[in-house]
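The values are calculated or read from the model by the stated rules, or taken from the named source; none is laboratory data. In this text the structure is predicted, and so the values were computed from the model without any measurement. Methodologically, a virtual Cβ is constructed for each residue, glycine included, from the backbone with ideal geometry; neighbour enumeration extends over all protein chains shown. Accessible surface is based on the protein model in full, side chains and every heavy atom, while ligands, DNA and RNA are left aside. Shrake-Rupley method; radii C 1.70, N 1.55, O 1.52, S 1.80 Å.
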Amino acid sequence: MSAGPGVVAPASRPLAGLVRVPSDKAISHRAAILGALAGGTTVVRDFSPAGDCAATLAVLAALGVGIERVDRGRSDRHGSAKGAAEILVRGVGPDARLAPPPAPLHCGRSGTTMRMLAGALAGFPSRFAMTGDPQLLRRPMERVAEPLRRMGAGVDLAPGGTPPMVIEGGALHGIEYRLPVASAQVKSAVLLAGLHAEGVTAVVEPVPTRDHTERLLEAMGAAVEAVALPDGARRVTLAPGPLRGVEVDVPGDPSSAAPLVAAATLVPGSDLVIEGVGTNPGRTGFLRVAGRMGARIEILPRPGRGPEPVADLHVRHASLTATTIGAAEVPSLVDELPLVALLASRAEGVTEVRGAEELRVKESDRIAGIVQGLRALGADAEELPDGFVVRGPVELSGGTVEARADHRLAMAFAVAALVSAGPVAIDGLAFVGDSFPGFLELLEGVR
Ligand code: S3P
């Protein structure tokens with residue numbers, strides 16, 4: 001992949017029409033990993049074309065899981081995101097093992113792959129080594145290592161708690177674990193380990209995070225239960241047991257729809273429908289926040305198959321006002337906060353985001369990245385240790401920005417370019433493919 005600069009020009013016309021976005025990355029990872037553990041075949045329709053999900057499939061294949069890609073020859077309608085496929089995952093079932101290959105399992109740039117697999121592998125009595133691209137080798141893994149060690153696994157990391165990771169799996173026992181950070185990945189890792197543990201595993205999350213893992217576990221026959229606690233926390237319990245393969249229809253990814261929602265909101269005259277987007281409440285914080293700022297977003301539910309809600313999003317251009325976001329809201333829009341900063345630069349008033357320190361340990365430090373990038377385009381933005389402040393509205397100029405090899409920053413800057421006075425050169429634009437192959441071609445329609 002070229003990591004060099006790409007230039008995005010201002011929009012020459014409104015965004016209009018009907019588009020689809022790639023299917024959900026988080027659900028695709030989970031369907032593949034849980035399918036690998038289940039008995040029988042799991043059919044994943046519209047598996048995400050994201051580079052990160054390809055990393056998960058490659059790791060599962062290296063572990064001996066049968067993965068088959070079925071090409072149904074879907075015609076790629078105009079405006080559709082390309083590359084969705086049907087995947088068959090031949091699960092190893094309760095009596096077989098995932099076997100470590102001689103070389104370390106390579107997770108690419110995907111933190112979700114490494115963290116969720118750590119939990120899935122911890123229950124198998126073998127030694128598994130996992131590594132990844134330099135970007136992944138900087139990300140914190142102690143957050144999964146610590147609960148897995150408490151459950152009885154051996155987990156080694158580099159000094160500083162980063163990968164490579166080595167897991168000595170084996171006899172696990174259930175624990176009650178209160179998440180120190182509100183992370184769906186850590187919750188999922190503990191629950192996946194709990195499938196092979198003795199006794200019940202419980203995870204208490206201080207702020208509810210996306211529950212795709214719980215929904216899929218339940219659909220696959222696991223004894224999983226979630227209870228809301230009086231202080232706003234949520235307690236998820238899981239009893240160990242076998243899973244059965246299921247059919248999963250993956251909806252469009254709300255995190256990939258978000259840049260288009262932002263673009264249609266910002267580019268005057270836009271009127272865009274994004275079809276078939278997942279609307280799990282743990283993922284729709286951006287729609288709620290944008291709506292609060294004045295965005296015109298109609299959510300038109302669709303009859304969906306399977307455990308996840310789905311809707312079409314009808315978005316029209318709107319003028320925006322500032323808002324405030326705190327820790328309780330962050331998990332529901334954690335990947336969309338760079339776009340909130342962009343909307344805020346065009347909104348009337350002072351927008352403040354707090355309780356979002358997790359952004360500093362994503363694919364890049366997204367607080368520094370978005371603030372520096374927007375400032376380079378003329379925005380009035382400031383970093384806070386756990387968030388940012390943006391004062392608007394400001395007319396963005398063209399310029400040069402650095403996406404820090406981070407797909408979410410690259411997409412936020414590409415949308416910023418649409419409403420800038422001149423072209424924006426984005427260093428690392430090609431990284432959009434980590435979650436949204438075809439994003440630039442889709443934007444091409446309005447340039
Ligand atoms: C994800 C959860 C979030 C999110 C990431 C995907 C998931 O991370 O930022 O892109 O699939 O569970 P955390 O769980 O670390 O907050």
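So which residues in segment 310-322 are over 27 Å from GLU275 (Cα atoms) and either open to solvent by less than 10 Å² (accessible area, probe 1.4 Å) or of a type in the set (Asp, Glu) (or both)?
None - no residue of segment 310-322 is over 27 Å from GLU275 (Cα atoms) and either open to solvent by less than 10 Å² (accessible area, probe 1.4 Å) or of a type in the set (Asp, Glu) (or both), so the list stays empty.
Looking at segment 234-252, which of its residues are among the charged types (D, E, K, R) and open to solvent by less than 70 Å² (accessible area, probe 1.4 Å)?
ARG234, ASP249, listed by residue number.
Do any strands (runs of 3 or more DSSP E) entirely within segment 358-445 hold 3 or more residues that are over 27 Å from ALA328 (Cα atoms) and open to solvent by 10 Å² or more (accessible area, probe 1.4 Å), and if so, which?
Ranges flagged: 399-402.
Could you figure out which of (1) surrounded by fewer than 20 Cβ atoms within 10 Å (Cβ to Cβ); (2) touching a residue at least 40 places away in the same chain (Cβ under 8 Å); (3) not in a loop (DSSP other than H, G, I, E, B) isn't true of PRO147?
The number of the failed condition is (1).
I'd like to know if segment 266-273 contains one or more residues that are of a type in the set (Ser, Thr, Tyr), away from the ligand (no atom under 16 Å from the Cβ) and either touching a Pro at 6+ places or on another chain (Cβ under 6 Å) or under 22 Å from SER48 (Cβ atoms) (or both).
Yes, there is a match, as at least one residue in segment 266-273 is of a type in the set (Ser, Thr, Tyr), away from the ligand (no atom under 16 Å from the Cβ) and either touching a Pro at 6+ places or on another chain (Cβ under 6 Å) or under 22 Å from SER48 (Cβ atoms) (or both).
Test PRO125 against the stated conditions and say whether it is closer than 21 Å to LEU98 by Cα, surrounded by fewer than 19 Cβ atoms within 10 Å (Cβ to Cβ) and not charged (D, E, K, R).
For PRO125, the condition - closer than 21 Å to LEU98 by Cα, surrounded by fewer than 19 Cβ atoms within 10 Å (Cβ to Cβ) and not charged (D, E, K, R) - is met.
Quickly run through segment 13-27 and pick out the residues that are closer than 15 Å to GLY276 by Cα and either of a type in the set (Gly, Ala, Ser) or away from the ligand (no atom under 16 Å from the Cβ) (or both).
Within segment 13-27, GLY17, LEU18, VAL19, ARG20, SER23 qualify.
Taking VAL200 as the residue in question, decide whether it is more than 16 Å from the ligand (Cβ to nearest atom) and either without any contact (Cβ under 8 Å) to a residue 12 or more places away in the chain or of a type outside the set (D, E, K, R) (or both).
Yes, satisfied.
Could you grab me the full set of residues in segment 203-233 that are surrounded by fewer than 21 Cβ atoms within 10 Å (Cβ to Cβ) and free of Cβ contacts under 8 Å to residues at least 60 places away in the same chain?
VAL204, PRO206, GLY221, ALA223, GLU225, ALA226, VAL227, ALA228, LEU229, PRO230, ASP231, ALA233 - these are the residues of segment 203-233 that are surrounded by fewer than 21 Cβ atoms within 10 Å (Cβ to Cβ) and free of Cβ contacts under 8 Å to residues at least 60 places away in the same chain.
If you take the residues of segment 323-341 that are out of contact with any helix residue (DSSP H, G or I) (no Cβ under 6 Å at 6 or more places or on another chain) and part of a loop (DSSP other than H, G, I, E, B), which of them is least open to solvent (accessible area, probe 1.4 Å)?
So the residue we want is GLY326.
So the check is Cβ under 6 Å with 6+ separation or different chains; which pairs have a first residue in segment 382-411 that's within 18 Å of GLY6 (Cα to Cα) and a second one that's charged (D, E, K, R) and at pLDDT below 95?
Every condition considered, the pairs that remain are HIS407/ASP434.
Please state which of the following conditions ALA58 fails to meet, knowing it meets all the rest: (1) away from the ligand (no atom under 11 Å from the Cβ); (2) open to solvent by less than 10 Å² (accessible area, probe 1.4 Å).
Result: ALA58 fails condition (2) only.
Identify, from the list VAL261, VAL186, the residue that is within 24 Å of ASP24 (Cα to Cα), within 16 Å of the ligand (Cβ to nearest atom) and within 21 Å of the chain's Cα centre (by Cα).
One residue alone meets the criteria, VAL186.
Among the residues of segment 108-144, which ones are part of a loop (DSSP other than H, G, I, E, B) and within 13 Å of the ligand (Cβ to nearest atom)?
ARG109, SER110, ARG139, PRO140, MET141
Tell me, please, whether a residue that is within 16 Å of the ligand (Cβ to nearest atom) and over 25 Å from THR279 (Cβ atoms) can be found in segment 240-252.
no
Could you tell me how many of the residues in segment 183-202 are open to solvent by 10 Å² or more (accessible area, probe 1.4 Å) and β-branched (Val, Ile, Thr)?
Residues flagged as open to solvent by 10 Å² or more (accessible area, probe 1.4 Å) and β-branched (Val, Ile, Thr) within segment 183-202 amount to 1.
Take segment 167-182 and flag every residue that is open to solvent by 30 Å² or more (accessible area, probe 1.4 Å) and in a strand (DSSP E or B).
Listed by number, the residues that qualify are GLU168, HIS173, GLU176, ARG178.
I need every pair where a residue in segment 326-337 that is closer than 11 Å to ARG288 by Cβ has its Cβ under 7 Å from the Cβ of a residue that is within 10 Å of the ligand (Cβ to nearest atom) and outside any helix (DSSP H, G or I), sequence separation at least 6 or different chains.
Final answer for the pair search is SER332/GLY282; SER332/ARG283.
Within segment 238-260, track down each residue that is among the β-branched types (Val, Ile, Thr) and in contact with a Phe, Trp or Tyr (Cβ under 7 Å, 6 or more places away or on another chain).
Listed by number, the list holds a single entry, VAL250.
Given (1) more than 23 Å from the chain's Cα centre (by Cα); (2) at pLDDT below 95, identify the lone condition not met by ARG305.
The failed condition is (1).
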